[in-house]
Amino acid sequence: MSDVKDSNILAIDLGSTFIRVLIGKNQFSNKSISHFVSLPSYGIKNGTIYDFEQVRTILSAGLKSIYQKEGSNFKEKCILNLSGKVYVSKNIKIDQKFSKETQIRSKTINDLLLKIPEEKGYTSVHVCKKSFFIDNSFETLNPSGMFCNAFQANFHVIYMLSTYYRTLKELFNSLHLDLVDILPSPIASANAILKENDYLIPKILVVDIGALTTDFVFFSGGVPEFTSSVLLGSENITRDISFGLKLNRDDAEKLKLDFSEPTDEDDFKNFLRNIIYSRAEDIVLYIYDKLKKVSDNMVPLRVYLTGQGSKLLAFKKLFEEVFECPVEIRRPFSLASTEKRDYEHATVLGLINYALNNTILTNKYDDQNFIQRFFETFFKRG
Ligand SMILES: Nc1ncnc2c1ncn2[C@@H]1O[C@H](COP(=O)(O)OP(=O)(O)OP(=O)(O)O)[C@@H](O)[C@H]1O
Ligand SMILES: [Mg+2]
């Protein structure tokens, strides 16, 4: 048994193809990653658990194998991704007027967090700091230490279906895991693929293309503005090929992975191209329409793609065409010299990056209310 309870954290990405688990450690400010495992994904579809017992059995077996090598602490802390239709994002403004000039401290901000309104049937599970207005006259990202009479905070809040939240709590409790934070997949992935300079571009879009979901987050001024999910991914392309060419799923998948743009009048390749491009276009246009519906200002100046599905070049081309801006396919950057950093690991690496760079490891969280967990949190992006 190791004696590092407060410095260990598990990150779990409940993906459609694999459940990816890794342990991050932060001992004496030395951040490292150990035990990176990919478990088979059964009982998860479109980012949501639909077979509780199956997922519990897989996770339980996976954790057992990790603990045998690693040693375990009772009730490890754990951070999880969120995808699919079980969450919504909202931008919330909270105003505070003071009776006299007041200096902003972290408690002032924490008190505002408690004023985040409830949504019927939903529980707020994650809050991103957007910006703060001081005395209705100027904006800052870090108001700590400033004096003011009036203060406005803008938060990007992730609300999750309350019943599904209870399901997750139950699942993780039964595995002796303490679920301390939940991040939407695209916000997590952005943490693994974006560098500080990328956030300086005023409007960017990060898209994680998976098997059965495509998750996206639009950043404005370096902070999340809109986060959502499409219940379609690269596996839907495989299914279309399988249906269109009357092939079994594995043969269709192989055709997709081996696909390259036709250079001549190759009818078969052109037919295959049509199938691939029409489904990929559905996904890209869905994102475009969804952003447009929210606001005409949601036009990215750059798009970053990740997730294993982004390896299909059709996506890069279509994003360029539809959004008329440069598009980059990004692998997660190197974190604590981990070897496993393919596109598919963006979400789990982003989760651990977030956990190790925020104070969730040392906080004494109140289990009653997720929001209270942000009391001492030093917000970083997402
Ligand atoms: N070389 C490749 N070229 C194109 N697509 C690929 C390649 N390798 C894998 N894929 C596709 O990527 C998809 C899996 O992506 P990923 O591993 O990121 O999904 P996931 O995280 O498990 O799923 P989700 O995010 O939907 O829950 C599969 O549909 C697979 O066909
Ligand atoms: Mg994924």
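The values are calculated or read from the model by the stated rules, or taken from the named source; none is laboratory data. As the structure is a computational prediction, the values presented were derived from the model and not from experiment. With ideal geometry, Cβ positions are generated from the backbone for all residues, glycine too; neighbour counts draw on all protein chains shown.
Looking at Tyr199, Tyr159, which one is out of contact with any Leu (no Cβ under 9 Å at 6 or more places or on another chain) and buried (at least 18 other Cβ atoms within 10 Å of the Cβ)?
Tyr159
Taking the options Lys77, Lys90, name whichever one is at pLDDT 95 or above, more than 16 Å from ligand 1 (Cβ to nearest atom) and surrounded by 15 or more Cβ atoms within 10 Å (Cβ to Cβ).
Matching residue, one of Lys77, Lys90: Lys90.
State all residues of segment 299-325 that are touching a residue at least 24 places away in the same chain (Cβ under 8 Å), of a type outside the set (Ser, Thr, Tyr) and either outside the structural domain of Thr238 (by TED's automatic domain parsing) or touching a Ser or Thr at 6+ places or on another chain (Cβ under 8 Å) (or both); if no residue qualifies, say none.
Gly307, Gln308, Gly309, Leu312
Go through segment 110-126 residue by residue and tally those that are surrounded by 14 or more Cβ atoms within 10 Å (Cβ to Cβ) and at pLDDT 90 or above.
The number of residues fulfilling the criteria is 7.
Looking only at segment 217-268, which residues are part of a loop (DSSP other than H, G, I, E, B), of a type in the set (A, V, I, L, M) and over 19 Å from Val88 (Cα atoms)?
Within segment 217-268, Leu247 is the sole residue that qualifies.
Tally up the residues in segment 15-26 that are within 16 Å of ligand 1 (Cβ to nearest atom), surrounded by fewer than 24 Cβ atoms within 10 Å (Cβ to Cβ) and assigned to a strand (DSSP E or B), please.
Residues flagged as within 16 Å of ligand 1 (Cβ to nearest atom), surrounded by fewer than 24 Cβ atoms within 10 Å (Cβ to Cβ) and assigned to a strand (DSSP E or B) within segment 15-26 amount to 3.
May I ask you to list the residues in segment 279-303 that are farther than 25 Å from Glu235 by Cβ and either outside any helix (DSSP H, G or I) or of a type in the set (Asp, Glu) (or both)? Outline the logic, then answer.
Residues of segment 279-303 farther than 25 Å from Glu235 by Cβ: 292-302.
Correct list: Ser295, Asp296, Asn297, Met298, Val299, Pro300, Leu301, Arg302.
For Gly71, all conditions in the list (1) loosely packed, with under 14 Cβ neighbours inside 10 Å; (2) at pLDDT 95 or above hold save one; what is the number of the exception?
Of everything listed in (1) loosely packed, with under 14 Cβ neighbours inside 10 Å; (2) at pLDDT 95 or above, Gly71 misses just condition (2).
Against the condition among the hydrophobic types (A, V, I, L, M, F, W, C), part of a helix (DSSP H, G or I) and in contact with a Gly (Cβ under 8 Å, 6 or more places away or on another chain), how does Ile276 come out, does it pass?
Working: among the hydrophobic types (A, V, I, L, M, F, W, C): yes; part of a helix (DSSP H, G or I): yes; in contact with a Gly (Cβ under 8 Å, 6 or more places away or on another chain): no.
So Ile276 does not fit the description; no.
Just to be sure I understand, how many residues within segment 160-195 are polar (S, T, N, Q) and assigned to a strand (DSSP E or B)?
0
Does Asp198 count as assigned to a helix (DSSP H, G or I) and in contact (Cβ under 8 Å) with a residue 40 or more places away in the chain?
Yes.
Kindly list, by first and then second residue, each pair from a residue in segment 99-123 that is in contact (Cβ under 8 Å) with a residue 24 or more places away in the chain to a residue that is of a type in the set (Phe, Trp, Tyr) and in a helix (DSSP H, G or I), limited to pairs with Cβ atoms under 7 Å and residues at least 6 apart or on different chains.
Note: pairs meeting the criteria are Asn110/Phe374; Leu113/Phe374; Thr123/Tyr165; Thr123/Phe370.
If I filter segment 203-216 down to residues being touching a strand residue (DSSP E or B) at 6+ places or on another chain (Cβ under 7 Å) and not in a strand (DSSP E or B), which single residue comes out as nearest to ligand 2 (Cβ to nearest atom)? Lay out the reasoning, then the answer.
First pass over segment 203-216, keeping only residues touching a strand residue (DSSP E or B) at 6+ places or on another chain (Cβ under 7 Å): 203-209, 212-216.
Adding the requirement that they be not in a strand (DSSP E or B) leaves 212-213.
Values: Leu212: 9, Thr213: 7 Å.
The qualifying residue nearest to ligand 2 (Cβ to nearest atom) is Thr213.
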